[in-house]
Structures are given as structure tokens and as C-alpha cells.
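What follows is a single structure, written as C-alpha cells, with notes after it.
Bear in mind these aren't lab numbers, they're just calculated from the coordinates by the rules spelled out. These numbers were taken from a predicted model, which means no experiment stands behind them. Reconstructed Cβ throughout: ideal geometry from the backbone, glycine too, with neighbour counts over all protein chains shown.
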Ligand SMILES: [Zn+2]
Ligand SMILES: [Zn+2]
């Protein structure tokens with residue numbers, strides 16, 4: 001797609017400041033919510049009516065009038081997609097599904113985490129609704145067309161068994177990667193969380209084989225913390241970058 005049609009909003013939500021990315025095709029108004037894990041009221045108010053707190057970062061319109069200049073009068077949420085099913089990323093999916101009658105996409109290997117989301121949230125002192133069940137599967141290499149938006153799915157296990165990164169290819173600018181908790185600016189996802197299949201060797205293999213081959217200027221939107229690029233992380237990431245001995249192992 002063209003960069004002028006790609007509207008991305010970042011909402012840092014919940015006690016763990018998890019990045020929920022709301023991606024909209026400005027030529028059609030079609031919208032996909034990536035990792036709608038918390039503060040569903042805030043997301044819904046903004047997406048439907050530009051009301052409330054709004055996003056922490058956006059490259060698009062901030063009012064209905066501004067949006068109408070693109071020729072769209074409302075947004076049409078066409079799907080929910082998750083990088084993985086840890087509770088901070090998935091806990092309020094049931095509330096979003098009450099508002100939007102759409103499918104929820106998740107990798108099969110994270111389905112078991114849906115049933116654990118409630119109990120792990122309780123360990124952190126949060127109450128969550130009964131978990132939703134994802135009705136659509138993500139798999140590695142999948143070309144996912146959702147309304148006017150097209151995504152490529154990269155299965156990148158290691159933080160969780162079913163963790164995925166979600167790529168949008170842009171014709172006239174840098175590609176955009178929604179990385180969940182696989183890769184962070186200067187770090188990687190935890191591999192020590194209980195019951196989730198975390199494994200550092202698997203994670204570093206995923207990053208080195210699936211993410212490092214991407215274009216260096218690809219913008220990475222991690223599940224926590226600031227954005228970065230593939231090129232910067234490949235050169236400087238202390239866990240999986242070129243200065244780490246693991247780098248050569250898979251190259
Ligand atoms: Zn996670
Ligand atoms: Zn997270």
C-alpha cells in the first residue's frame with residue numbers, strides 16, 4: 001500500500017503500558033486492531049467518535065473533520081489480530097468483540113494461553129472478563145488481506161509458542177512491523193514467564209532467521225517501549241545483534 005493511505009496509531013494501555021496499534025487504510029476506512037489488550041473503552045471511544053484520551057502517537061487525523069478530508073466519514077473495524085495471547089495483549093479482546101462483530105486472529109500455538117490469561121492477570125492483581133476464543137488462525141508466511149489492509153504473518157516463537165510478528169509492506173516508504181514481545185528497542189521479550197513456552201534459543205533463532213532478513217529501514221513497533229528499526233537492532237541489540245556470539249550461529 002502507499003504510505004499516504006497508512007494510518008497508524010499507538011495506544012500504550014494498561015498497567016504494563018502495552019502498545020496497542022490501530023491500523024487504518026485511509027482510502028477505505030478499514031481498521032484492524034493489533035493487541036487490543038486493555039483500555040477497550042478508550043480505544044472504542046476514539047475509533048468510533050474521536051472522543052476521550054486518544055492515542056499516544058498517531059500519523060493521521062485527530063478529528064472527524066480531518067478524517068473527512070480523506071473522503072471517509074467513519075472507520076470500519078474489520079478484524080482483531082494478536083501478536084500473542086499474554087493477558088496484557090489479549091485481556092480485553094472480549095470487550096472489543098462485544099463492540100465489533102469481527103473475527104479475532106491468533107496463532108494456534110497460543111490458544112492455550114487464552115485460558116491462562118485470566119489466572120495470570122489475577123496474579124498481577126487485575127480482573128479480566130472470561131477469555132474470548134480466537135476464531136481465526138494465523139500461520140507462518142500467511143498473506144492476510146483484511147479489508148483494504150494486507151499483512152504478512154511471521155511466526156516468531158520464543159517469547160511464547162505462538163508469538164507472531166505482523167508486517168505491512170509499503171510501496172513508497174519503510175515497511176512497518178508489529179513485533180509484539182519478540183523484539184524491543186535494545187532488548188528482546190522475556191523467556192522466563194511461567195507456562196508460556198519461553199525459550200531464549202528459540203527466540204533468538206526466530207529473530208535472526210525471520211526478522212534480520214527484512215529491509216533495514218523497516219520500522220519496528222514493539223509491544224512495549226519505543227519504536228526502532230531492523231537495521232538499528234541488527235547492529236546494536238545486545239541480545240541478538242551482530243555483537244552477540246549468537247548472531248553468527250544462524251547466519
Ligand atoms: Zn508477552
Ligand atoms: Zn507484553
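First check a/c for the range 3-244, with a ≥ b ≥ c the square roots of the eigenvalues of its C-alpha gyration tensor; if it is under 1.5, answer rounded, and if not, answer prolate when a/b is larger than b/c or oblate otherwise.
Oblate shape, in that a/c is at least 1.5 and b/c is the bigger or equal ratio.
Ranked highest first by the average count of other Cβ atoms within 10 Å around their residues, in what order do 2-11, 208-217, 23-32 fall?
23-32, 2-11, 208-217
Using a Förster radius of 41 Å, what is the FRET efficiency between residue 193 and residue 49 based on their Cβ-Cβ separation? Nearest 0.05, please.
0.65
Can you tell me the FRET efficiency between residue 137 and residue 101 if r is taken as the Cβ-Cβ distance and R0 is 25 Å, rounded to the nearest 0.05?
For residue 137 and residue 101, the calculated efficiency is 0.85.
When DSSP beta bridges are limited to those with both residues in the chain, what percentage is antiparallel, rounded to the nearest 5?
If I count the DSSP bridges inside the chain, around 65 percent turn out antiparallel.
I need the shape label for the range 141-241. Rule: rounded when a/c is under 1.5, else prolate if a/b > b/c, else oblate, with a, b, c from the alpha carbon gyration tensor.
Taking the square roots of the gyration eigenvalues as a ≥ b ≥ c, the range 141-241 is oblate.
Expressed as a rounded percentage, what relative contact order does the range 3-244 have, with Cα pairs under 8 Å and six or more residues apart?
15 percent
Under a point spin-label approximation (7 Å from Cα along Cα-to-Cβ), what is the residue 27-residue 76 distance to one decimal in nm?
With each label point 7 Å from Cα toward Cβ, the separation is 1.5 nm.
Which shape class applies to the range 84-201: rounded if a/c is under 1.5, otherwise prolate when a/b exceeds b/c and oblate if not, where a ≥ b ≥ c are the square roots of the Cα gyration tensor eigenvalues?
Taking the square roots of the gyration eigenvalues as a ≥ b ≥ c, the range 84-201 is oblate.
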